[in-house]
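J.: Quick one: the structure is below, questions incoming.
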Amino acid sequence: MSAAVQIAPPPLREGDRLSSDEFLRRWEGMPDVKHAELIGGIVHMPSPVSRPHSRIHSPLAAWIATYVAYTPGCDDDLEATWKMGLEDVPQPDGALSIQPECGGQSYAEGEYGAGAPELIVEVANSSRAKDLGSKRELYERMKVIEYLVAVTSQKRLIWHQWSGGRYRIMEPDADGIYRSRCFPGLWLDPQALWKRDVARMLEVLHPGLASPEHAAFAARLKARR
């Protein structure tokens, strides 16, 4: 008797309409494809990553990673895949989450994150329409508490805050610094970001990490664990 022949799943194609399970089944059969998303049941395949995207993505990743290093109970993810229901599998540029054992709203489902991290970052270059359209609607519906969109063409940071059932735009404080409401001590100088001045970004972040608000937040996370 001949052995059963294993048939590879069909490849992903831009515009395919799939369930989240079928999307992941096909994607896992394409190990050479590193970036793909399912938004509203529609497959989105990546365009090449531009230099403007990469040059802003890198300092934002360093900023989030530094916060996590000083805040036990939090996790950062870089370009990780998240399962957000039956028709949505986004792959945000960055995410910051509270660990579930510390009271966070997301969790692990196999090799993927599931539910919604507390904070998501997207760098909007060629993906601007999607990041400020269908993905914004998805993250709002999933109650991602803070959603940051760095629009490279305008050198503009749009910081969404989930409040009262919808997103509201959060403005920087009088000194020009953004201060997260969800993650106390997570402070950002947007001008330093656009200059790619990571030293200045961390210079602004460290006083936040030394603030009483961050100390109280870290103590709450520890107590929940």
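J.: Residues being buried (at least 21 other Cβ atoms within 10 Å of the Cβ), of a type in the set (D, E) and modelled with pLDDT under 95: count how many of those fall in region 76-130.
T.: The qualifying residues number 0.
J.: Tell me, please, whether a residue that is surrounded by fewer than 20 Cβ atoms within 10 Å (Cβ to Cβ), out of contact with any Lys or Arg (no Cβ under 6 Å at 6 or more places or on another chain) and acidic (D, E) can be found in region 194-203.
T.: There is at least one residue in region 194-203 that is surrounded by fewer than 20 Cβ atoms within 10 Å (Cβ to Cβ), out of contact with any Lys or Arg (no Cβ under 6 Å at 6 or more places or on another chain) and acidic (D, E).
Condition check ((1) within 29 Å of G41 (Cα to Cα); (2) not charged (D, E, K, R)) across all residues:
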position	(1), (2)
E122	yes, no
E137	yes, no
V144	yes, yes
G165	yes, yes
I177	no, yes
R181	no, no
P184	no, yes
P190	no, yes
K195	no, no
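J.: Just one of A62, A114 is of a type in the set (A, V, I, L, M) and either more than 26 Å from R141 (Cα to Cα) or out of contact with any Lys or Arg (no Cβ under 9 Å at 6 or more places or on another chain) (or both); which is it?
T.: Numbers: A114 fails: either more than 26 Å from R141 (Cα to Cα) or out of contact with any Lys or Arg (no Cβ under 9 Å at 6 or more places or on another chain) (or both).
After ruling out the rest, the residue left standing is A62.
J.: Same structure, new question: Consider G185 against the criteria (1) touching a residue at least 12 places away in the same chain (Cβ under 8 Å); (2) in contact with a Gly (Cβ under 8 Å, 6 or more places away or on another chain); (3) at negative phi: it satisfies all of them except one. Which criterion is unmet?
T.: Going through (1) touching a residue at least 12 places away in the same chain (Cβ under 8 Å); (2) in contact with a Gly (Cβ under 8 Å, 6 or more places away or on another chain); (3) at negative phi one by one, G185 breaks only (3).
J.: Any idea how many residues of region 17-36 are over 19 Å from E87 (Cα atoms) and loosely packed, with under 13 Cβ neighbours inside 10 Å?
T.: Within region 17-36, residues that are over 19 Å from E87 (Cα atoms) and loosely packed, with under 13 Cβ neighbours inside 10 Å number 3.
J.: Could you please find all residues in region 63-75 being assigned to a helix (DSSP H, G or I) and surrounded by 19 or more Cβ atoms within 10 Å (Cβ to Cβ)?
T.: Within region 63-75, W63, I64, Y67 meet the criteria.
J.: Further question on the same structure: Report, by residue number, each residue of region 105-147 that is under 17 Å from I64 (Cα atoms), in a strand (DSSP E or B), touching a residue at least 40 places away in the same chain (Cβ under 8 Å) and out of contact with any helix residue (DSSP H, G or I) (no Cβ under 7 Å at 6 or more places or on another chain).
T.: Passing the criteria: only L119.
J.: Tell me, which residue of region 169-193 that is touching a Ser or Thr at 6+ places or on another chain (Cβ under 9 Å) and not aliphatic (A, V, I, L, M) is nearest to E140 (Cα to Cα)?
T.: R181
J.: Looking at (1) farther than 21 Å from H214 by Cβ; (2) at pLDDT 95 or above; (3) surrounded by fewer than 20 Cβ atoms within 10 Å (Cβ to Cβ), which is the one condition that is false for H160?
T.: (3)
J.: I would also like to ask the following. Go through Q154, Q191 for me and flag whichever is part of a helix (DSSP H, G or I) and either of a type outside the set (D, E) or without any contact (Cβ under 8 Å) to a residue 12 or more places away in the chain (or both).
T.: Working: Q154 fails: part of a helix (DSSP H, G or I).
Criteria check complete, one pass: Q191.
The values are calculated or read from the model by the stated rules, or taken from the named source; none is laboratory data. Computed from a predicted model, the values in this text were never measured in an experiment. Cβ: placed from backbone, ideal geometry, glycine included. Neighbour counts: every protein chain shown.
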